[in-house]
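Here the structure comes first, spelled out in structure tokens, and everything after it is commentary.
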Amino acid sequence: MQDSYLLEENIEARNIENIELSLVVPVFNESETVSLFTDRVKAVFGKFNDIKLEIIFINDGSSDDTLARLLDLQKQNSEIRIVDLSRNFGKEAALTAGLNIASGHVVVPIDVDLQDPPELILEMIGKWREGYDVVVGKRINRDSDTWAKRKSATWFYRIHNKISEPKIPENVGDFRLMDRSVVDVLNALPESRRFMKGLFAWVGFKTAAVTYARPERVAGTTKFNGWQLWNFALEGITSFSTDPLRVWMYLGGVVAFISFLFAIFMVLKVLIYGVDVPGYASVVVAVTLLGGLQLIGIGIIGEYLGRSYIESKRRPIYLVRRIYGKKE
Ligand code: UDP
Ligand code: MG
């Protein structure tokens, strides 16, 4: 409690009258949801004259008619800007593109499927006005997730937060409000493999949370299957921790120590009882166990080597095909 008290003391209220708000919305094959999203956002913010809205859709290489739908929507809604990427770069890259282009005082990454309720942004703006730089949306339940997704999420956070710095808060996704200063810092980070949740946590700043019950997707289907989530989790852990590399040193030490004891035992046994031939089973166990451990170790080293290899190419994070609706 002491900490949050200190935090309250240190923040300074913001008295900006007309807020420019940028929504950053990555979309990948979302033709069913883009208009539902836009209608809802307009319904929420239409009545506020002091909030100047900018909706940035990042079309992440959709293969359906998402782009055509967006261009239609843009005809009636001048606040829409569309960044059309040259192919599917993944949600992290699409978010990066949106943050690079967003121009508002406050920027909010938000999913298009209305699982992140736009109404909550009003509450976030309230906290921002109090002086917080980041206001995260925290889910109070995971009822809209499958059992497997809930369990794997719990384990991911447990392992990640044990071995990585900084910790990622549980049940907090990309949905959050960020002050301009935070977005500028994120945009200046040079790495090209971007695990956004980790980067958000890494930059820090004064953070508050607002809670919400996460609803189901309004339409369409999820874009992430189990295999992609597994890879995403690996990405997160290897981006922010080198412990998986270090553990082999200790494991190797323990195995070597045990073999040393075993060797002494064998020598004594031969000296006392003489030579006996059996031992096939123990040899096979030792060979396969060590072989397996070595392969895992090499795999993990490979994972990190691969990461630095890709990073060292310094390729851009995403490529823009075209931006519709330039800032005037
Ligand atoms: N998304 C994206 N690129 C991708 C995958 C997803 O831009 O390669 C977008 C998607 O259109 C949606 C958001 O990321 O706006 C979250 O995706 P989804 O709802 O499928 O994820 P879930 O909520 O199931 O984790
Ligand atoms: Mg979703």
Contact list please: Cβ distance under 8 Å, first residue in segment 47-72 and surrounded by 13 or more Cβ atoms within 10 Å (Cβ to Cβ), second residue among the basic types (K, R) and in a helix (DSSP H, G or I), pairs at least six apart or on different chains. D60/K91
Test set (1) part of a helix (DSSP H, G or I); (2) away from ligand 2 (no atom under 15 Å from the Cβ); (3) open to solvent by less than 10 Å² (accessible area, probe 1.4 Å) - S22 fails condition number: (1)
Sole exception among (1) aliphatic (A, V, I, L, M); (2) in a helix (DSSP H, G or I); (3) surrounded by 11 or more Cβ atoms within 10 Å (Cβ to Cβ); (4) modelled with pLDDT of 80 or more for L289, by number: (4)
Of a type in the set (A, V, I, L, M, F, W, C), at pLDDT 95 or above and within 11 Å of ligand 1 (Cβ to nearest atom), is that true of V107? no
Do we have D184 as closer than 26 Å to I55 by Cα, of a type in the set (D, E) and open to solvent by 60 Å² or more (accessible area, probe 1.4 Å) here? yes
So G297, is it touching a helix residue (DSSP H, G or I) at 6+ places or on another chain (Cβ under 7 Å) and on the phi > 0 side of the Ramachandran plot: no
Is at least one residue of segment 318-325 within 16 Å of ligand 1 (Cβ to nearest atom), open to solvent by 70 Å² or more (accessible area, probe 1.4 Å) and in a strand (DSSP E or B)? yes
Keeping to segment 187-213, report how many residues are at negative phi and open to solvent by less than 40 Å² (accessible area, probe 1.4 Å). 13
Could you list, in sequence order, all residues of segment 127-167 that are over 15 Å from the mean Cα position of the chain (by Cα), open to solvent by 80 Å² or more (accessible area, probe 1.4 Å) and closer than 17 Å to T207 by Cβ? E130
Going by the structure shown, is T146 over 18 Å from D111 (Cα atoms) and within 16 Å of ligand 1 (Cβ to nearest atom)? yes
Exclusive hit being over 30 Å from F156 (Cα atoms), among the small types (G, A, S) and under 35 Å from the mean Cα position of the chain (by Cα), set G252, G306, G325, G292: G325
Evaluate the following for R176: is it assigned to a strand (DSSP E or B) and of a type in the set (K, R)? yes
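E119: away from ligand 1 (no atom under 16 Å from the Cβ), touching a Lys or Arg at 6+ places or on another chain (Cβ under 9 Å) and open to solvent by 30 Å² or more (accessible area, probe 1.4 Å), yes or no? Please lay out each step first, then the result.
On the way: away from ligand 1 (no atom under 16 Å from the Cβ): yes; touching a Lys or Arg at 6+ places or on another chain (Cβ under 9 Å): yes; open to solvent by 30 Å² or more (accessible area, probe 1.4 Å): yes.
Against the criterion (away from ligand 1 (no atom under 16 Å from the Cβ), touching a Lys or Arg at 6+ places or on another chain (Cβ under 9 Å) and open to solvent by 30 Å² or more (accessible area, probe 1.4 Å)), E119 qualifies.
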Name every residue in segment 60-97 that is in a loop (DSSP other than H, G, I, E, B), of a type in the set (D, E) and either in contact with a Leu (Cβ under 8 Å, 6 or more places away or on another chain) or within 13 Å of ligand 1 (Cβ to nearest atom) (or both), in order of residue number. D60, D64, E79
Find all pairs meeting these conditions: Cβ atoms under 6 angstrom apart; at least six residues apart or on different chains; first residue within segment 197-210 and more than 20 Å from E130 (Cα to Cα); second residue in a helix (DSSP H, G or I) and open to solvent by less than 50 Å² (accessible area, probe 1.4 Å). G198/G236; G198/S239; G198/F240
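The values are calculated or read from the model by the stated rules, or taken from the named source; none is laboratory data. Note that the coordinates shown come from a computational prediction; the quantities given were computed from them, not determined experimentally. Ideal geometry is used to build each Cβ from the backbone, glycine not excepted, and the neighbour counts take in all protein chains shown. Only protein heavy atoms, including side chains, enter the accessible area calculation; ligands, DNA and RNA are left aside. Shrake-Rupley method; radii C 1.70, N 1.55, O 1.52, S 1.80 Å.
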